[in-house]
Amino acid sequence: MTSESPITDMHLDVLKEIGNIGAAHAATSLSQLLDRKIDMHVPNVKLVSFDEMFDLAGGADAIVAGIFLRIEGDLSGSMFFVLSLDSANHFIRRLIGDETFDFGASSLPDIGISAMQELGNILSGSYLSALSDFTGLKIYPTVPSLSVDMVGAIVSFGLIEVSHYSDEVIVIDTQIREEGENGSTSIDGHFFLLPDPSSYITIFKSLGVM
Amino acid sequence: MALLKEVVRVGIADMNVVKEPMTIRTSGLGSCVGVVLYDEMKKIAGLLHIMLPDSNLGKSTQLNVAKFADTGIYALMEMLKAQGVRPMSLKAKIAGGAQMFQFGSSDTIRIGPRNVEAVKKELKRLSIPIIAEDTGGSSGRTIEFDPATAILHVRTVNQGTKEL
């Protein structure tokens, strides 16, 4: 991917483990918040084109509630928590106890936006603190920012750093879902961790694989 | 039976050219800018989806010209020339360059406006007039251009579709 660091299958496995640990903590937090059982699907770690990255998140045109934050410190990168509008509505309705809340509405009540940002704070915080414990690296997340818009428009912002180096990105993708009644899925979201290319070596060194 | 128009899709950091009755579309422009170059008489149009203003920012050895404003617009013009279009007859419509989030590194925070500035500078250098634009703001855009009518359809999540 970058000239200085050939990425092998072993490295991808290491990144997968990072996704597993981070997302497992986030799933536990979400489960406590909702008082529901949350399933977490083993992360996908893939080297994909930018367009394939949008497809993973639902397609460039799909409208989502996206929480975005930057990671700074010993390593840098972008992190997204992406929910379909249905999932975001379902979640916030339960959280604030207002069945009429709708992210598709033209004017959003502040409490819903605030709840969504708080959700982003809690989940990304637990994800990243697990990652920090595991690697021993200092990781400082910025305050998460919420945008309800097209996947392409939201996620491309996180690809800008990577795009200086490459036309592909390593995506650590974890699917998180709540199984509703009759096997229906009520929450279906993704965590995307996109390390900046300069941070791969830092990650691998911290784990003794480089 | 109604005639279905075939839509050619352009991905991020990519470009393509169509002739009527086909239309050309790119989806989910955020800080990126979609640049349409078209010839009204010949009813041919090209669409480019750029991510970054300047190819000097590229740190990779393989240069994808369609990723940058300074190299992409010129390359799209060359593609149109290969279709028999004279550069003199080209006009431009542009959309995108939003600021989706209010934070980031110093490089990324103003990337939308910087992309728009770079596109305008390059179009000026190539003497291609900008007929219409829908740039800036903080919303994503999906755009589709119809070379038969020279209309650019711009769709956003909150403001519906407008025609430029």
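The values are calculated or read from the model by the stated rules, or taken from the named source; none is laboratory data. Every value quoted in this text rests on a predicted model; they were computed, and no experiment measured them. Glycine gets a Cβ as well: all are built from the backbone with ideal geometry, and neighbour counts include every protein chain shown. Note: accessible area is taken over every heavy atom of the protein model, side chains too, but ligands, DNA and RNA are not part of it. Shrake-Rupley method; radii C 1.70, N 1.55, O 1.52, S 1.80 Å.
Structure notes:
- For the protein assembly as shown, projected area of the alpha-carbon convex hull averaged over all directions, nm²: 20.1 nm²
- Computed over segment A:1-150, the alpha-carbon pair-distance distribution with 5 angstrom bins reads 2, 8, 15, 20, 21, 16, 10, 4, 2, 1, 0, each value a whole percent.
- Restricting the calculation to Cα atoms, segment B:80-164 yields a radius of gyration followed by a Dmax of 14.7, 44 Å.
- Binned Cα-Cα distance frequencies in segment B:1-135 - 5 Å width, integer %: 2, 11, 20, 23, 20, 12, 6, 3, 1, 0, 0
- Helix B:69-82 vs. chain B, principal-axis angle (Cα, 0 to 90°, nearest 10): 20 degrees
- Rolling a 1.4 Å probe across the protein heavy atoms gives chain B an accessible surface of 45 Å² per residue.
- Chain B - percent of accessible surface contributed by carbon and sulfur, probe 1.4 Å: 52 percent
- Debye log10 I(q)/I(0) for segment A:31-70, one point scatterer per Cα, at q = 0.14, 0.26 Å⁻¹: -0.52, -1.03
- Straight-distance candidates among the aspartates and glutamates for linking to B:LYS121, with alpha-carbon spacing under 13 Å and chain neighbours fewer than 8 residues away dropped: B:ASP54, B:ASP70.
- The Cα atoms of segment A:90-156 cover 44, 29, 16 Å along the three principal axes, with the biggest extent listed first.
- Rounded to 10°, Cα long-axis angle of helix B:111-125 versus longest principal axis of chain B: 50 degrees
- For segment B:39-78, the calculated P(r) over all alpha carbon pairs, in 10 Å bins from 0 to the bin holding the longest distance, is 30, 45, 18, 7 percent.
- Residue-level accessible surface for B:LYS59, protein heavy atoms, 1.4 Å, Å²: 130 Å²
- Per-pair calculated FRET efficiency, R0 = 41 Å: A:SER31 and A:MET210 via Cβ, rounded to 0.05: 0.75
- Eligible lysines near A:LYS37 by straight Cα distance, threshold 28 Å, same-chain separation 8 or greater: A:LYS16, A:LYS46
- Listed by chain and number, the lysines whose C-alpha is less than 19 Å from the C-alpha of B:LYS81, apart from same-chain residues fewer than 8 away, are B:LYS19, B:LYS42, B:LYS43, B:LYS91, B:LYS93, B:LYS124.
- Residues whose placed amide H lies under 5 Å from that of B:ILE151, excluding near-sequence neighbours: B:ASP146
- The simple Förster model, with R0 at 30 Å and r as the Cβ-Cβ distance, assigns A:VAL48 and A:VAL143 a FRET efficiency of 0.60.
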